[in-house]
Amino acid sequence: ALSHDPERYPLFLAKSKNWDSGKPMALITGGVHGYETSGVQGALRFMQTHAMDFSDRFNILVAPCISPWGYETINRWNALTIDPNRSFRPDSGCEEALSLMAYVEKITALFQVHIDLHETTDTDNSEFRPALAAREGIVQDNWNIPDGFYLVGDTPRPAPEFQRAIIESVEKVTHIAPADENGTLIGDKLEQRGVINYTARASGLCMGMTEAPYVTTTEVYPDSPLVDDENCTQAQVAAASAGLEYVAATLRLS
């Protein structure tokens, strides 16, 4: 639980009942940024509708709402104004990140896939980027919000076919964000349609917390006129399911 109000903010994990240390691990995370609603709802919906489809092939671990205070208050930061998705490092001081990292470190099974469910929203520009710039005394020069779904891969572990399989599945549910006039998404070079890469571990991103070879962060755009809340949730479920299906087929898991 979060120490500033343990009764109000417990931290929950769900894992498959038929746990077997010989099976590969699949980690699904949501709500690292609490205000990114479909990340939380997508993780919950995945558990309700699709997790059992994979539990015979994977040990499944789901952290549906890593930042419950942020979810309740519609906030990117935690209660101490720390960004949890820049805090997945041992010295971060972020309870939300450290709690999940501590649990994962106890698991001996091999992590093969980690899918972290996020959104890019208009409030990134209207509220959170200006607040960050003011607090840190920096200049924010990128105000591009992509209209549509995209993925962020890990530069040292790009896994392009894995990313492509997710994009192709999600495209059946919602639209994929086009590159801007400079061929970028949020200022970063497009690796393939709908995919950019970051250095996850060096940036303290949640998707960098394991050694899994197949990792990605999803980015849904809930403020698009082409989507609604249900569509955003469905896109997150499609991403998680397609990612696990691809890894299962690649590893020839029966």
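The values are calculated or read from the model by the stated rules, or taken from the named source; none is laboratory data. Please read all numbers here as calculations on a predicted model, not as lab measurements. Positions of Cβ are backbone-derived with ideal geometry, glycine not excepted, and every protein chain shown enters the neighbour counts. When the accessible area is computed, the model is the full protein with side chains, heavy atoms only, and any ligands, DNA or RNA have been set aside. Shrake-Rupley method; radii C 1.70, N 1.55, O 1.52, S 1.80 Å.
The table below gives the values:
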{"item": "Segment residue 73-residue 91, length gained on full extension (0.36 nm per residue, minus Cα span)", "result": "3.9 nm"}
{"item": "MRE, 222 nm, helices only [DSSP H, n ≥ 4, -39500 (n - 2.57), over the chain, to nearest 500]", "result": "-8500 deg cm²/dmol"}
{"item": "Cα-based reach from residue 23 at 24 Å (exclusive), listing lysines while leaving out same-chain residues under 8 positions away", "result": "15, 106"}
{"item": "Once exposed loop trypsin sites (Lys or Arg not before Pro) are cut out (DSSP; at most 10 other Cβ, 10 Å), longest piece of the chain", "result": "18-105"}
{"item": "Cα gyration tensor shape for region 58-193, rounded if a/c is under 1.5, else prolate or oblate", "result": "oblate"}
{"item": "DSSP-assigned coil residues among GluC sites (Glu not before Pro) in region 80-186, each with at most 11 further Cβ atoms within 10 Å", "result": "181"}
{"item": "Alpha carbon Rg of the chain, scaled by the compact-globule rule 2.2 N^0.38 Å", "result": "0.95"}
{"item": "Surface share of carbon and sulfur [accessible, 1.4 angstrom probe, percent] for the chain", "result": "52 percent"}
{"item": "Most to least accessible of 36, 211 (protein chains only, probe 1.4 Å)", "result": "211, 36"}
{"item": "Residue-span extension gain [residue 3 to residue 181] - 0.36 nm each, minus C-alpha spacing", "result": "59.5 nm"}
{"item": "Length released on extending from residue 49 to residue 122, taking residue separation times 0.36 nm less the Cα-Cα span", "result": "23.3 nm"}
{"item": "Solvent-accessible ranking of 214, 35, largest area first, probe 1.4 Å", "result": "214, 35"}
{"item": "Those chymotrypsin sites (Phe, Trp or Tyr not before Pro) in region 114-162 that DSSP places in a loop and that have at most 14 other beta carbons within 10 Å", "result": "143"}
{"item": "Normalised convex hull volume, region 1-123, alpha-carbon set, Å³ per residue", "result": "108 Å³"}
{"item": "Exposure ranking of 155, 218, 123 by accessible area [1.4 Å probe, largest first]", "result": "155, 123, 218"}
{"item": "Region 206-230 versus region 127-204: alpha-carbon centroid distance in Å", "result": "9 Å"}
{"item": "Spacing of the two label points (7 Å from each Cα toward its C-beta) at residue 189 and residue 131, in nm", "result": "3.3 nm"}
